[in-house]
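Everything on this sheet refers to the single structure shown next.
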Amino acid sequence: LVVDSNNASGIDHRAFVKSAIDANPDAKWKVMMMHHDLFSGRIPHRESENGLLRMIWGPIADEFAIDLVLLGHSHYYTVTNVIYNNKAVSPYAATITDAPGSVYMVSGSITRPRDDEDIGLNGEWIGFANEPDDRIIYNIIDFTEQSITVSSYYMGEEESFNSYTLVKTSENGGHPEQVL
C-alpha cells in the first residue's frame, strides 16, 4: 500500500486501505509505505507534526493489521519496537515472531536530516537506530510465505549493518483480532 501522508483525510485513507485489502483477501503480508516519519523522534521540533500523523495512521495500521510500515522524512535509519495503539508492545529483535502490532522503519537512504540540530530518540518506540553519518543506505526486502526479512546495507559494503525478520505462524500473526 503506497499512501499520501501529505493528505490529512483519515476517512479517505481508511477507505483506500480497506478497499485494497478487500480486493486481496489472500494476501498474508501487509506493507504500507508513506513519506512521513511517525515514530523516530529524531527531530523533536517535528514531534507535533508526527503526533498528528500518528493519530491518522496508527489506527489504520492497527485496524488492518499492517505488518511493516516504510517511512522517510527524518532521513535517519530507525526501526521501531512493535507498535500497537501508538505504544511499544513488544521489543525489536533480529527475529520477531507473530508481532502483536506493526514495525515502522525509516530507511534513511541519505542518513542526513534537513536539520542536524537537537537530535534525540524516543526510547519507548525505537528498537534500532544507526549512528548518523554521510553514507548512503539501501535495503533489500525478501518475502516468503512465512516471513519478511529486511536487510540494510551501506552502499559499497557487502555485509548488512542491520537485518531483521518478521515471521507469521498464522494468517494474522500476533495482530489483535479486528472487526473490519
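If you take the residues of segment 116-136 that are within 16 Å of the chain's Cα centre (by Cα) and at pLDDT 75 or above, which of them is farthest from Ile60 (Cα to Cα)? Among those residues, the one meeting the criterion is Asn130. Under the condition of being basic (Lys, Arg) and either farther than 23 Å from His175 by Cβ or at pLDDT 95 or above (or both), the residues counted in segment 43-56 number 1.
Filtering segment 138-179 to residues that are closer than 25 Å to Phe16 by Cβ, out of contact with any Asp or Glu (no Cβ under 7 Å at 6 or more places or on another chain), open to solvent by 30 Å² or more (accessible area, probe 1.4 Å) and part of a loop (DSSP other than H, G, I, E, B) leaves Glu171, Asn172, Pro176, Glu177, Val179.
Checked against the criteria, Ala15 does not count as open to solvent by less than 50 Å² (accessible area, probe 1.4 Å) and either in a loop (DSSP other than H, G, I, E, B) or modelled with pLDDT of 90 or more (or both).
This table checks each residue for (1) at pLDDT 75 or above; (2) open to solvent by less than 40 Å² (accessible area, probe 1.4 Å); (3) out of contact with any Cys (no Cβ under 8 Å at 6 or more places or on another chain).
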| residue | (1), (2), (3) |
| --- | --- |
| Pro91 | yes, no, yes |
| Ile96 | yes, yes, yes |
| Ser107 | yes, yes, yes |
| Arg114 | no, no, yes |
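When the residues of segment 57-89 are filtered to those that are touching a His at 6+ places or on another chain (Cβ under 6 Å) and either acidic (Asp, Glu) or modelled with pLDDT under 90 (or both), the one that is surrounded by the fewest Cβ atoms within 10 Å (Cβ to Cβ) is Gly72.
The values are calculated or read from the model by the stated rules, or taken from the named source; none is laboratory data. These numbers come from a predicted model, not from an experiment. Cβ coordinates were reconstructed from backbone atoms using ideal geometry, including for glycine residues, and neighbour counts include every protein chain displayed. The protein model used for the area step is the full one, side chains on, heavy atoms only, and it has no ligands, DNA or RNA in it. Shrake-Rupley method; radii C 1.70, N 1.55, O 1.52, S 1.80 Å.
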